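Enquirer: Pasting in a structure now, in structure tokens, and then I'll have a few things to ask.
The values are calculated or read from the model by the stated rules, or taken from the named source; none is laboratory data. What you see is a predicted model; the values in this text were computed from it and never measured. Glycine gets a Cβ as well: all are built from the backbone with ideal geometry, and neighbour counts include every protein chain shown.
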Amino acid sequence: MAAVQSLDASRFGYLKKADIARLADAYRFSKAAHSGQKRQSGDPYISHPLAVAEILAGWHLDGQALMAALLHDVMEDTSVTKAEISETFGKPVAELVDGLSKLDKIEFQSAEDAQAENFRKMLLAMARDVRVILIKLADRLHNMRTLDAVPPAKRRRVALETMEIYAPIANRLGLNTLRHELQELAFAHLYPLRYRTLLKATKSARGNRREVVGKVEAAVKAKLGETGIAAVVSGREKHIYSIYRKMVEKHLSFSEVHDIYGLRVVVKDVATCYLALGTLHALYKPVPGKFKDYIAIPKANGYQSLHTALIGPYGVPMEVQIRTELMHHLAEAGVASHWMYKDDTVSLSDLQKNTHQWLQSLLEIQNQSGDPHEFLEHVKVDLFPDEVYVFTPAGKILSLPRGATAVDFAYQVHTDIGNRCVAAKVNGELVPLRTELRNGDRVEIITASHAKPNPAWLQYVRTGKARANIRHFLKTMQYDESAALGERLLEHALRGYGVALGDIDDVNWERVIRETVGRTKRELLADIGLGKQLPAVVARRLVMRADAEPKLVTKAASIVIRGTEGMAVQLATCCRPIPGDGIVGSMKKGQGLVVHSADCTAIERSRRNEPEQWIDVEWAPSPSRLYQTAINVMVANQRGVLAKVASEIAESGSNIDSITMEEDRAVYTTMLLVVEVQGRQHLARVMRALRRLPDVKKLSRVRE
Ligand code: MN
């Protein structure tokens, strides 16, 4: 097929003359920049940006957007710069082109990353200027229309991406006509055989029923006319992909899918919609449970209509949509109808507001989580709106995704309400917060001023807003807890120098903060609490002056074993004996006396085979000395568990010397802690304190 090779001004007739002239300039500029380039189909490259601009002209987009569409690939594929575009076509056009180029230019580590990251960038670009996304969608539509020319492997990837990312975005923006075409094309490329089979089945079913459908359409027109209702009645073709989804989701055979035939009735105002509905229900029996009032309660993307299903002649069911002309425009073009139908200001401004709010909430979620996967998880729920509608005590309607709970509702009302909710009433009855809400529920949230979000909520909330807010709160809280713990640990460590935390002057603080990674005192304290900095080390640095060595108030006693004066003594690091343990020692060349716990497994064999090497030794009393010993702690793999463990240890008057954690994401994780204790009794106290923690499942001293 030969591509259009010039700018057809008649397609842009809604623009001002001056705009059309500038468009022609942009066309020539783009054509020159892309000259010599060919598409995979063999067409000159310029045919693609031109087609994209024409799609956008169908939505009556403004001159800037159309120029950007013509230029959308020049920065990427040619040597043209943003500055050049800005100079020639103005800054707004350059910004749009730049936004589009950035969307394409991201480097990815994996296919999954690529998607999450791509998605995030796209939504953020959209939040800044929705025209960027409209151009991107038109770009994708043209690429999908010409996908046959692309090699099969790439075809699949593009089709999948269209299905998973572009179609949902089009849906969220209410661009239904575009969404349907994207879905049909993507489905046809992803499942060619299924598509062809269903296409054939639908065609023949329609052929068979043409007479019946015609009869119903005529009867409806006549009846509406009789009643004095002016209406445009038209047949509606159900999309192949919609039929397929219905078959898969409801486990239906093709013949069981009802709405292959549909009628659409467009009338002048809302009151007439309900009149028409009454008239149709009098003409044919309605299918029970099929009536939906999306006029009273619009879908999240602004869609409004009355839906009903009628039982026509010979029992053939038929879906009917009734809507006003304005609703019809919105249903077809969604957010793009802002440009298409500039007169319908009232309802359109509502849609704009709605879209704007949604985009704003995306930015909020983005600010709270930098991780693209987390972002994707948050947003996915919002993009696939299978919704329930519930009421606030004041009678305001809120829409939530299906499966949403009272907690989601609370966050939907206000972040503060969510953060402080403690209980909920649904239709006047007290229910657990995890209760799933149903259509029409009246929900009341009970808050308490000191209540806090619970990590367990993350297991059942459904909305991105609730999830992002809970995570955000927990992260902040964890940080606060860590800083408080760090302060306690540091205080304890400073006691060894006879110094209180308040005695440290700002100069010393600043020096130590500079030397360590932290930027602020709080950050340094949090690092200590999280185990990233050792309290003993930080304490030493804090009391140290630039000119003096630190003076220890209590110097560690050197004699730990009775009768070893003048002898080098080491406590073995395999079993880390502490006072109270039975101990044995062995003289090692160059190491002195190495002392093990009597039940150390590492020396079992040597004690059996060379008993003469081992001597029984005894602890010498040295009350101020602390001894290192190791314990294994198996804990539930929960957020903040380390902070809790560390805080119990500090409370028991012990220090943590080091922590080794299994890099395991299972339900339980094991930590190897080296702690400082005075002896067995002290260790027993520490272990008792740890056992009290519900997260601690198993606890043992390390003996080898
Ligand atoms: Mn393109």
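Enquirer: Tell me which residues, restricted to segment 228-264, are under 24 Å from L326 (Cβ atoms) and in a strand (DSSP E or B).
Expert: V232, V233, S234, G235, R236, E237, G262, L263, R264 - these are the residues of segment 228-264 that are under 24 Å from L326 (Cβ atoms) and in a strand (DSSP E or B).
Enquirer: Just a yes or no: is a residue in segment 470-488 at negative phi, of a type outside the set (K, R), at pLDDT below 85 and touching a Phe, Trp or Tyr at 6+ places or on another chain (Cβ under 8 Å)?
Expert: no
Enquirer: Answer with yes or no whether R179 is under 17 Å from I240 (Cβ atoms), touching a helix residue (DSSP H, G or I) at 6+ places or on another chain (Cβ under 9 Å) and either of a type outside the set (F, W, Y) or within 16 Å of the ligand (Cβ to nearest atom) (or both).
Expert: In short, yes.
Enquirer: What are the residues in segment 129-144 that are more than 12 Å from the ligand (Cβ to nearest atom) and not in a loop (DSSP other than H, G, I, E, B), if any?
Expert: Scanning segment 129-144 gives V130, R131, V132, I133, L134.
Enquirer: I need the full set of residues from segment 44-63 which are farther than 18 Å from L96 by Cα and more than 16 Å from the ligand (Cβ to nearest atom), in order please.
Expert: Correct list: G58 only.
Enquirer: Only one residue in V560, V645 is crowded, with 17+ Cβ neighbours inside 10 Å, under 30 Å from V499 (Cα atoms) and modelled with pLDDT under 75. Which one?
Expert: V560
Enquirer: Among all residue pairs at least 6 apart or on different chains, which show Cβ distances below 9 Å where the first residue, located in segment 629-652, is outside the structural domain of D527 (by TED's automatic domain parsing) and under 24 Å from N454 (Cα atoms) and the second is among the acidic types (D, E) and assigned to a helix (DSSP H, G or I)?
Expert: Close Cβ pairs satisfying both conditions: G640/E481; A643/E481; K644/E481; S647/E481.
Enquirer: Looking at segment 317-326, can you tell me whether even one residue there is assigned to a helix (DSSP H, G or I) and at pLDDT 80 or above?
Expert: Checking segment 317-326: at least one residue is assigned to a helix (DSSP H, G or I) and at pLDDT 80 or above.
Enquirer: Only one of these is in contact with a Ser or Thr (Cβ under 7 Å, 6 or more places away or on another chain) and basic (K, R): R420, R442. Name it.
Expert: R420
Enquirer: Moving on. Within segment 595-616, identify whether any single residue is over 30 Å from K475 (Cβ atoms), in a helix (DSSP H, G or I) and in contact with a His (Cβ under 7 Å, 6 or more places away or on another chain), and answer yes or no.
Expert: yes
Enquirer: Which pairs have Cβ atoms under 6 Å, sit 6 or more apart or on different chains, and link a residue in segment 400-421 that is in contact (Cβ under 8 Å) with a residue 24 or more places away in the chain and assigned by TED's automatic domain parsing to the domain that holds I297 to one that is outside any helix (DSSP H, G or I) and not hydrophobic (A, V, I, L, M, F, W, C)?
Expert: Within 6 Å, no pair qualifies.
Enquirer: Which residues, taken from segment 151-193, are among the basic types (K, R) and surrounded by fewer than 16 Cβ atoms within 10 Å (Cβ to Cβ)?
Expert: Within segment 151-193, K154, R156, R157 meet the criteria.
Enquirer: For residues that are of a type in the set (S, T, Y) and free of Cβ contacts under 8 Å to residues at least 40 places away in the same chain, scanning just segment 293-321, find the one that is surrounded by the fewest Cβ atoms within 10 Å (Cβ to Cβ).
Expert: Here the answer is Y294.
Enquirer: Here's another thing I want to ask about it. Within segment 673-687, is there a residue that is at pLDDT 85 or above, assigned to a loop (DSSP other than H, G, I, E, B) and among the polar types (S, T, N, Q)?
Expert: Yes - at least one qualifying residue is present in segment 673-687.
Enquirer: Could you run through segment 454-466 and say how many residues are assigned to a helix (DSSP H, G or I) and touching a Ser or Thr at 6+ places or on another chain (Cβ under 9 Å)?
Expert: Residues in segment 454-466 being assigned to a helix (DSSP H, G or I) and touching a Ser or Thr at 6+ places or on another chain (Cβ under 9 Å): 4 in total.
Enquirer: Let me ask something else about it. For L263, which of the numbered conditions (1) within 27 Å of F187 (Cβ to Cβ); (2) exposed (fewer than 15 other Cβ atoms within 10 Å of the Cβ) fails to hold?
Expert: Going through the list (1) within 27 Å of F187 (Cβ to Cβ); (2) exposed (fewer than 15 other Cβ atoms within 10 Å of the Cβ), L263 breaks only (2).
Enquirer: Suppose the filter is without any contact (Cβ under 8 Å) to a residue 24 or more places away in the chain and either over 29 Å from T177 (Cβ atoms) or among the hydroxyl-bearing types (S, T, Y) (or both); does S6 pass it?
Expert: Criteria met by S6.
Enquirer: Moving on to the next point. May I ask you to verify whether P694 is modelled with pLDDT under 85 and not in a strand (DSSP E or B)?
Expert: Answer is no for this residue.
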